[in-house]
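Working notes, structure below.
Values in this text are rule-based calculations from the coordinates and carry no lab data. Remember, it's a predicted structure, so these values are computed and weren't measured experimentally. Note that we place each Cβ from the backbone using ideal geometry, even for glycine, and neighbour counts take in every protein chain shown.
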């Protein structure tokens, strides 16, 4: 049985004072029926680990370099995140793919680095609005999955997050039927790529998930949780999403 996961991506938001919101999530949900993860900016990872240690909220990074160390000014390695106490790292987010030109091969290399450091890699996939309108969604996400999934990926060290690019931060979401279509297709593709692991790999949905639509999204088959952006910045909003996930049917 796949345990649900509520993951919050703070993106480039958050100063030390904002960790009070993460602490409020931990306080208000001391024994959640799902895994809870917050990925703050790299400057806050170690402090978040210190303040959330022993509680129900894990801490992750938002990106990592594909190498363990080297002359890469401004980058953070997976080993550094693990050393700071992180347990997860997001790789391949559409904002990284678009803003930094990251390819599927780059994402696979970062996921490999994450695994080597003992981190769980959250690999992001998703189509643009033009690709959706052209009817290319399933082909696009299938190709991204095949190209971004590293050797050695397992249900224990890898999570897949489907985030349609046109839904991220826009307030728009696909229909429940569209979400179901993509998640079903991803599960089938995983069965071809990782036959012995596929049914255990968690598939998250991301893209304008908020308290008002979380419960209906989580009721969709093969949706094992969410990668939440803006709504994870406030304990009240993220907490409502966690509560909705707690009430979702088991996979």
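At a glance:
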| item | result |
| --- | --- |
| Taking the C-alpha atoms of the chain, convex hull volume expressed per residue in Å³ | 113 Å³ |
| Solution diffusion estimate, µm²/s, Stokes-Einstein, region 98-216, Kirkwood Rh from C-alpha pairs, 10 °C, viscosity 1.306 mPa s | 108 µm²/s |
| Distance histogram in 10 Å bins (all Cα pairs of region 94-164, percent per bin) | 21, 52, 23, 4 |
| At q = 0.22 Å⁻¹, base-10 log of I(q)/I(0) for region 156-195 (Debye sum, equal scatterers on each alpha carbon) | -0.80 |
| Least to most buried among 208, 53, 148 (fewest other Cβ within 10 Å first) | 53, 208, 148 |
| Residues 218, 238 arranged by fewest to most Cβ contacts within 10 Å | 218, 238 |
| Whole-angstrom Cα spans of region 28-132 along principal axes, big to small | 41, 38, 21 |
| Cα centroid separation, region 203-223 to region 121-164 (Å) | 17 Å |
| Per-selection Rg to Rh, region 32-78 - Cα, Kirkwood hydrodynamic radius | 1.07 |
